[in-house]
Amino acid sequence: MARKGKKKSILRRIMKWMIALVSLAILGILFYYVWLPMLKASVTTTYDAYQATTGTISNSLSFSGSVNIVNSEYITSPDSGTVRDIYVKNGDDVKKGERLMRLSTGDTLKANFDGTINSINVEAGDSVSNGMQLCQVVDFSNMKVTMRVDEYDISKVFEGQECTVTVTALEKSFPSVISHINRISSSSGSVAYYTVTATVEVTEDVFPGMQVTVSIPKEEAKDVVVLKMDALSFDETNRAFVYVMNESGMMDTKYVEVGVDNGNYVEIRSGLEDGETVYVETEEEVTASGGLQDLLSGLMGGTQVNRPTGSNQRSGGVGGDYGNMPNMNGFSGNSQRGGAR
């Protein structure tokens, strides 16, 4: 009898362990498939506000290049002799025809163009020989910019075309004009490139060899309604639309016609007026945190929609006139092509 009682006791313990393991398994399944999804992040839909403004917008082609000297000359001795007089020193600005040196032979050496004395290689009393380089005159004001334009963009570039040269290191911009296009290409892989030159008048702090960006305007729209690109949404046919808030606080879809864009802002040709506020839908994941209330919220399966009011709007537009804002071009680096979306 004692053995039977002992066996029953062992069986009862085994049954308890089995029930406990099954219960834990059931709890694990419930946690993984029911409670855990409820505790995971829920999606909250919100709207960011943007305001349409009136301004001028443009886009451009953009190319990288470097500054180069146009006029540079070494003044050489026409005969053998000695240097009798030197009338200039390093760094002096000289005019065309101005005296630079006089030799014992009676020769007076003069500047052939307006420029700056970049170097003097002799002193008064030095002996010189025929053809010896005595000094260098360089025009550091009127320089040129050379750049490479690929075969896809070269048809958009022509001589006499106005452009803007921005010196990268100095963050200074200068008006410029395309002066020459070398029609003989050089190849890089399977793409042909053409050397284009622009003349530019610069300040004395711009040195030869400095890197520049050349911007060539493509399109421009003046005194038009302008909107941040981020404010636009697109339907399945790629038509642009925005959300506007109606009197009841609900969002209505409003289609717009777009025009010139520069990657940051876009012209609105129809559908919006200056000062009108529009909205774009955003989604934010919000993690639920502990407690029965969160579980009940998950069980309800609802999605929270926060609609903006006048007190919490975030304006994405830029007020005023865009005509004097260089960052409206929105392009840099190598050539970029873009149009309205």
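The values are calculated or read from the model by the stated rules, or taken from the named source; none is laboratory data. Here the structure is a predicted model, which means the values were calculated and not measured. Because the Cβ atoms are built from the backbone with ideal geometry, glycine has one as well, and the counts that use them run over all protein chains shown. Side chains included, ligands, DNA and RNA excluded: accessible areas come from the protein's heavy atoms. Shrake-Rupley method; radii C 1.70, N 1.55, O 1.52, S 1.80 Å.
How much net charge surrounds Met210 when only other residues with a Cβ under 13 Å from its Cβ are counted (Lys, Arg +1; Asp, Glu -1)? Could the numbers behind the result be given before it?
On the way: positive: Lys144, Lys172; negative: Glu171, Glu204, Asp205.
Spelling it out: positives minus negatives among the neighbours equals -1.
Could you work out how far apart the two model spin labels at Thr46 and Val177 are, taking each label as a point 7 Å from the Cα in the direction of the beta carbon, and quote it in nm?
Placing both labels 7 Å beyond Cα along the Cβ direction yields 5.3 nm.
Pull out a ≥ b ≥ c, the square roots of the eigenvalues of the alpha-carbon gyration tensor of the stretch 47-91, then state rounded if a/c is under 1.5, prolate if not and a/b is larger than b/c, and oblate in the remaining case. Each step should come with its number before you reach the end.
Values: a/c = 6.48, a/b = 4.19, b/c = 1.55.
It comes out prolate by the Cα gyration axes.
Along Cα→Cβ, 7 Å out, is where each label goes; now give me the distance between the ones at Ser119 and Thr168 in nm to one decimal.
2.6
Work through the residues other than Ala198 whose Cβ is under 14 Å from its Cβ and net out their charges, Lys, Arg +1 and Asp, Glu -1.
Working: positive: Lys144, Arg148; negative: Glu159, Glu162, Glu201.
That sum, taken over residues with Cβ under 14 Å, equals -1.
Roughly how many whole Å is it from the C-alpha centroid of the stretch 87-159 to that of the stretch 211-231?
40
Once neighbouring chains are kept in place and the probe is 1.4 Å, which whole percent of the accessible area of the stretch 172-253 is contributed by carbon and sulfur?
Details: 2250 of 4740 Å².
Whole-percent figure for carbon plus sulfur exposure: 48.
Near Val94, within a Cβ-to-Cβ distance under 12 Å, what is the net charge of the other residues, with Lys and Arg +1 and Asp and Glu -1? Walk me through the numbers before you get to the answer.
Values: positive: Lys89, Lys95, Lys96, Arg99, Lys110; negative: Glu73, Asp92, Asp93, Glu98, Asp114, Asp139.
Neighbourhood net charge equals -1.
Given the pairs Lys144/Lys218; Lys156/Lys218; Lys144/Lys172, which are separated by over 19 angstrom at their Cα positions?
Lys144/Lys218
Compute and list, largest first, the equivalent-ellipsoid semi-axes of the stretch 106-196 from the alpha carbon gyration tensor, each √(5λ) rounded to a whole angstrom.
39, 18, 13
Non-local amide H neighbours of Lys110 (under 5 Å, H modeled in plane, Pro and chain starts lacking H): which ones?
Amide H to amide H, under 5 Å and 5 or more residues apart or across chains, Lys110 pairs with Leu100.
Mind ranking Val165, Val224 by accessible surface for me, highest first, 1.4 Å probe? Please list the in-between numbers first.
Values: Val165 0, Val224 25 Å².
Reading off the accessible areas and sorting them downward yields Val224, Val165.
Give me the mean projected area, in nm² to one decimal, of the convex hull enclosing the Cα positions of the stretch 138-237.
Numbers: hull surface 42.2 nm².
Its Cα hull, projected and averaged over all orientations, spans 10.6 nm².
Hey, can you find the accessible area per residue of the stretch 49-91 for me, probe 1.4 Å, expressed in square angstrom?
Numbers: 1730 Å² over 43 residues.
Heavy-atom SASA per residue in the stretch 49-91 reads 40 Å².
Taking R0 as 22 Å, what FRET efficiency do you get between Tyr74 and Ser187 from their Cβ-Cβ distance, rounded to the nearest 0.05?
Numbers: r = 35 Å, r/R0 = 1.58.
After rounding, the FRET efficiency stands at 0.05.
Can you give the accessible area per residue of the stretch 102-231, in Å², using a 1.4 Å probe? Don't skip to the end; give the middle numbers.
Details: 6890 Å² over 130 residues.
Here the per-residue accessible area is 53 Å².
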